[in-house]
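*Asks:* Please read through the structure below; I'll follow up with questions.
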Amino acid sequence: MSSASDRSIASLRALVRGRVQAVGFRDYVYRRARFLGLTGYVRNMPDSRSLEVVAEGSREGLEQLLAYLREGPRSARVDAVDVEWGEGEGRFGDFGVAS
């Protein structure tokens, strides 16, 4: 029998700033989040210099995604990643790219 802590999920909201739009960053995040079994979304922000990632899943998976966000694809330049952690609510069925 599994305990409640075995089923608990965490959430992550990250704002990635730098040269992160028009460089394949959303697809980069999408592929890695799906590989890690996370749910949520990635989207460009209106300022043209940042993107938002909202994800839920295991803390370990989210920490790995955060490492990927700090690195970014080769064509990107990440200046900063602002992170907020929370408890997962199971709001998402999968991970996608939002407009």
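Nothing in this text is a laboratory measurement; each read-out follows from the coordinates by a stated rule. Every value quoted in this text rests on a predicted model; they were computed, and no experiment measured them. Ideal geometry is used to build each Cβ from the backbone, glycine not excepted, and the neighbour counts take in all protein chains shown.
*Asks:* What are the pairs, 6+ residues apart or on separate chains, where a residue within the range 10-30 that is within 12 Å of Asp47 (Cα to Cα) has its Cβ under 9 Å from a residue that is in a strand (DSSP E or B) and basic (Lys, Arg)?
*Replies:* Close Cβ pairs (under 9 Å, with a partner that is in a strand (DSSP E or B) and basic (Lys, Arg)) amount to Gly18/Arg77; Arg19/Arg77; Val20/Arg77.
*Asks:* Test Val78 against the stated conditions and say whether it is in contact with a strand residue (DSSP E or B) (Cβ under 8 Å, 6 or more places away or on another chain) and aliphatic (A, V, I, L, M).
*Replies:* So Val78 fits the description; yes.
*Asks:* For the chain, which fully contained strands (runs of 3 or more DSSP E) count at least 2 residues that are of a type outside the set (Phe, Trp, Tyr) and crowded, with 17+ Cβ neighbours inside 10 Å?
*Replies:* Strands (runs of 3 or more DSSP E) meeting the threshold: 10-19, 39-44, 50-57.
*Asks:* Can you run down the residue pairs with Cβ atoms below 6 Å, 6 or more apart or on separate chains, where the first is in the range 69-81 and more than 12 Å from Val29 (Cβ to Cβ) and in contact (Cβ under 8 Å) with a residue 24 or more places away in the chain and the partner is part of a loop (DSSP other than H, G, I, E, B) and hydrophobic (A, V, I, L, M, F, W, C)?
*Replies:* From the range 69-81, the pairs are Ser75/Val23.
*Asks:* Of the numbered conditions (1) under 20 Å from Ser99 (Cα atoms); (2) among the hydrophobic types (A, V, I, L, M, F, W, C); (3) touching a strand residue (DSSP E or B) at 6+ places or on another chain (Cβ under 8 Å), Ala22 fails exactly one; give the number of that condition.
*Replies:* Condition (3) is where Ala22 drops out.
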